[in-house]
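The values are calculated or read from the model by the stated rules, or taken from the named source; none is laboratory data. The model shown is predicted, which means the values in this text are computed figures rather than measured ones. Neighbour counts run over all protein chains shown; Cβ positions are idealised from the backbone, glycine included.
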Ligand code: GAP
């Protein structure tokens, strides 16, 4: 299936099975804002727990906080967000569509890359096993021409972005003859900077309301609480503060479903270290974080590191962990070495000392920070996109059939166990309820007695339930049930007493954490 169709299918599936709904749908929706449904919220909570346990529970020197979304407006001056948290935007005068100017240029660059990829495919077809890709890339005239075009445009773009040169960004669009993807028109406005922060008012107008912002990242809530936590928790360097919470950005071009939203959730951890040790910790957290992703068991080739060539002025190293979404490799998490920029800025703007006294050396200094920052919604999307499968299956009579199955890692699955009485009579529902009443303390269970057993299995496959158990007449006689495994579809008869142990062994979060620690 084409990637585009796959993505459409994923969005439809997420809606049909209660994972994600368009916000305010009955009012025709609100652009780039989404609600999580009854299944979605469970998956989201499980991802949060996996992250929180891996960061806070498993580390003696990391603690969590939950800071408010509203913060003193001066914080955003100190952090640089009021002046520099901008996207360069451009409007097409004919179509009236608005774009991120750098995205238009990046997409144009991708076209040259697509041509190179096409040439490679042709070369491979022509020369078969003798094809030497490295040599081809170094010598083929078409490839060299397209590569030099990419380098030239990319070079100009990076320079223009670094210098905040909006005229040059527009000039690149003109020189490259980039057309509006919708209308084909090249009738562009000038490029303008657009601040991504949402503003609101604190207090009523009569009281002299002041302008405040919805936080565009959770990190600043951690920085401004650095001293509170360090002192009250008697924390010694190196130590970390973790937080999960909402962030808001008025994205110009919000698309790709929950990948780029205006209201989203971040899971961030700021790790405070002694200056000079930050690169060691940076490497440590790069490894820890990729291991966290890999522990979920999604295909490893879907992850890759991307090194930032253009560093923010306060950073001395930055990598993204990218994931191969249905629309290509994109940022999932950022790992940044942020020096002492944030704490030093808050020290300056607040006038309060934000230093650490090192009892060993007797020195006081502003700690350096290594940050890990992951989007919860993007993690959710990575799981859905890698786990939604259309599977061909062989029926007992030899005919083939298909099933839609969400092979979510069992520890993260919304429902762990479906309890299904074979028929709605003969005391089977009562027995099924009794089993749930016992197991619901440990697992999220679902009871289902409607439709044939086959249809019920399919429904559970589609929401990703790792185990279904069926209660039949034999259950009443010998206290055994059949347990069906979502992935193998294999069934086994087991004693009810063994149920909790079998399910727990597969779905316990410990299973994932043990792969990392
Ligand atoms: N404190 C650092 C920071 O906020 P960022 O790269 O801007 O860094 C971190 O954001 C992560 O937040 C991203 O890697 C991404 O997963 C997520 N994220 C950022 N903008 C988002 C959006 N509009 N919608 C969904 N997730 C977003």
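A few points about this structure:
- Residue check, residue 66 without any contact (Cβ under 8 Å) to a residue 40 or more places away in the chain and out of contact with any helix residue (DSSP H, G or I) (no Cβ under 7 Å at 6 or more places or on another chain): no
- Within region 364-423, the set of residues being within 15 Å of the ligand (Cβ to nearest atom) and in a helix (DSSP H, G or I) comprises 376, 377, 378, 379, 380, 381, 382, 383, 384, 385.
- Within region 137-164, the set of residues being in contact with a strand residue (DSSP E or B) (Cβ under 9 Å, 6 or more places away or on another chain) and touching a residue at least 40 places away in the same chain (Cβ under 8 Å) comprises just one member, 161.
- Among residues of region 351-379 that are assigned by TED's automatic domain parsing to the domain that holds residue 20 and at positive phi, none has a Cβ under 8 angstrom from a residue that is modelled with pLDDT of 95 or more and more than 16 Å from the ligand (Cβ to nearest atom) at a sequence gap of 6+ or on a separate chain.
- Any hit, region 251-264, residues being under 15 Å from residue 371 (Cβ atoms) and within 14 Å of the ligand (Cβ to nearest atom): no
Results for (1) within 16 Å of the ligand (Cβ to nearest atom); (2) at pLDDT below 95, shown as yes or no for each residue.
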| residue | (1), (2) |
| --- | --- |
| 188 | no, no |
| 197 | yes, no |
| 210 | no, yes |
| 214 | yes, no |
| 217 | yes, no |
